[in-house]
Amino acid sequence: MERLTTILLALRGWPSLGLFFLLRQHGGPAPAILAGLAYSLAYTLLAMAHGRPSKLDFGLAGFWAMGAASLAGPPATTAGFEARLGLWLNLALFAASYLPLVAGAEPFTMVFARRRTPKELWNTELFRRINELMTIGWAGIFLAGLVANAILAGPAGLAASGLLALGLGLPFTRRFPDWYLARQGQGISPRPGTPAPAPVPRDVSPAPDQERQADAQRLGPIRTALVIFGSPRGQEGFTWKTLDRFLAGLRDGGVAVEVISLADHAIKPCRGCFSCWIKTPGACILTDDMAGILPRLDAADLVIYAQPLYIFSVPGPMKIFLDRCLPRYQPFLVEGPGGLTRHPMRRGERPGRMLVFSVCGFPEREHFQPLLAMFRHMARVSGSRIVGEILRPAAESLRFASSLGPAQRQVWDALYQAGQEVARQGFVRQASEEGIAAPLFPTAGGFRGVANRFWEACLEHGEARRQNRPVPPLETFLQEDRRLFFAGMAASFRPDQARDLTATLRFVLTDQPAGQFSLAIGDGACQLFPGPGPEPTLTVETPFAVWQSISRGEISGQEAYLQGLYQVRGDVGLLTRMREVFGS
């Protein structure tokens, strides 16, 4: 009995056609039509009992129901049904395949596709999309069969329908999924008994604006964003200061933003016990704040991973958080995009979106590459899309924002603009990313000089506190550090504007005993000398506060000179080139 059931399920409802033609040769149309209807209904009930009904089964039953209805009319009605048997059959199959899809129902091909697809992939967007397109393809084949039968009556039309199904439908079913996966850059899924293909390499550079725009149109607007904030310093560091500016643009664009600061939550490291896979599927045995965070990841339209760069990767809190996301996955191994092995999501696959946000102290963007590689690989394996990569090198320099002038204002504006872009168009333009990461100093060497003086000043401040000497808070101490100020001035030197200039500028600070600093310019470089330095070409005698105000653009250097706020000796013409050569 079991073997017979297996055979019947394999043949589906199609033997009803053979039964019709067999009985039609030995009697009138009524027994043949009713026998076809009875067989089709019996098979449909059998398929439902075994959880294998297809929409085509109901379509076939509907076809025979139309034949039975024709028996209630005059003989000419039944004769018309028999003469255009293929037309009515293709009409019923077209309606059964296409109309439910229009109504949002499951594509009919998914019943067959599930037989050779791992269960973990049944709820993925990709699986459904492939079956939607295959259903549309088969609906087109049924429509073509309908047209053929409108032209060819009787057995000829029915034969044309069969040739269309065999000649077009079967090759289409075999080849389309692999072709579509290849078009999506996700490799070709291996068939049983064949070796898996090698992973398809993917460019590690950021996605171009056109690709991000296409993803945004496909995935829809971003209404909610969840920020996983991984800085151990919480809101005290420059990761938060830059992130907050970006989030302002996001909120002003109408996106509801939730921030989870990992530093404020108790999250224990993953033990690697796999209890969340075996003993308590989907739930970690550790009792802490992580249980309340995981469901929010699935609810947000966009997840923002924000953190400073620590040893070319994420800080400890973020790494612990990512490790503790293991309960979201199932232990099974399935083929992912590009042929790579991956774990399927426990709560079903859906197109995810992420944004990477990070800052570092180094002046070069290249230092972010390991961190970016990790998040890009996470996105690639999971099928998520990265809508932006916001990176701010030399972030600690922003604590001296007032001294950086227009350069830092452009960074803040670009951060806000990036948030607006995510809210309005669903992604960050590369031009905005470039603006956020723009250098604040003309050369890396100049930046290293001012950064080293910054750390020297921090060490001096710490030593003074250890010796219980009176010192102001660190921020004030740094702002008042004369050497750090002039190191910053040297770092802002622009070799492209200095050209063949050779000169030494000596600054004598009249409000500080023995306060002298010299900037020696030559061979396209600027060197700072604490003290008199080489013989000066121009000497500027000024109170420190006055030159600070000039540097910040708070007062005009020319007006301050005319007011006698500072004096000069030597080549006064150099004053006219100060803003050009030092960018301030």
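The values are calculated or read from the model by the stated rules, or taken from the named source; none is laboratory data. Note that the structure is a prediction, hence the values are computed from the model and not measured. No Cβ is skipped: glycine too gets one built from the backbone with ideal geometry, and neighbour counts run over all protein chains shown. Side chains included, ligands, DNA and RNA excluded: accessible areas come from the protein's heavy atoms. Shrake-Rupley method; radii C 1.70, N 1.55, O 1.52, S 1.80 Å.
For region 514-584, the equivalent ellipsoid built from the Cα gyration tensor has semi-axes of 20, 14, 12 Å, listed from largest to smallest.
What the Kirkwood sum gives for region 23-67 is a hydrodynamic radius of 10.9 Å, with every pair of different alpha carbons counted. In order along region 276-288, the phi-based Karplus estimate (6.51 cos²θ - 1.76 cosθ + 1.60, θ = phi - 60°) of 3J(HN,Hα) comes to 5, 9, 10, 7, 10, x, x, 9, 7, 7, 6, 9, 7 Hz; Gly and Pro are listed as x. If the chain linking His377 and Ala266 were pulled fully straight, counting 0.36 nm for each residue of separation and taking away their Cα-Cα distance, it would gain 37.2 nm. How much mean residue ellipticity at 222 nm does the chain get from its helices, if each DSSP H run of length 4 or more adds -39500 (n - 2.57) and you divide by all residues, to the nearest 500 deg cm²/dmol? Calculated at 222 nm, the ellipticity per residue is -15500 deg cm²/dmol.
Looking at the chain alone, DSSP beta bridges between its own residues are antiparallel in about 40 percent of cases. Evaluated on region 445-520, the Kirkwood hydrodynamic radius is 14.0 Å, with distances taken between all distinct Cα atoms. Distance between Cα centroids, region 557-573 to region 253-278: provide it in whole Å. A separation of 59 Å, based on Cα centres.
The slack between Val568 and Ala444, meaning 0.36 nm per residue of separation minus the straight C-alpha distance, is 41.6 nm. With N counted as the residues of the chain, its alpha-carbon radius of gyration over 2.2 N^0.38 Å works out to 1.47.
Derived value for region 267-363: Kirkwood hydrodynamic radius 15.1 Å. Basis is the mean of 1/r over every pair of different alpha-carbon atoms. For region 208-290, the calculated P(r) over all alpha carbon pairs, in 10 Å bins from 0 to the bin holding the longest distance, is 14, 28, 29, 26, 3 percent. Expressed as a whole percent, the accessible surface of the chain that belongs to carbon and sulfur atoms is 60, based on a 1.4 Å probe. Rolling a 1.4 angstrom probe over the protein heavy atoms with all chains in place gives the chain an accessible area of 49 Å² per residue.
The alpha-carbon atoms of region 441-584 define a convex hull whose volume equals 112 cubic angstrom per residue. Under the membrane-span-like helix rule (DSSP H runs whose alpha carbons stretch at least 18 Å along the helix axis, mean Kyte-Doolittle hydropathy -1.0 or higher), the chain yields 29-49, 55-71, 85-102, 125-151, 170-183, 238-252, 369-382, 406-425, 444-466. Between Ser549 and Asp209, what's the calculated FRET efficiency when r is the beta-carbon distance and R0 is 35 Å? Round to 0.05. Plugging the Cβ-Cβ distance into 1/(1 + (r/R0)^6) gives 0.25.
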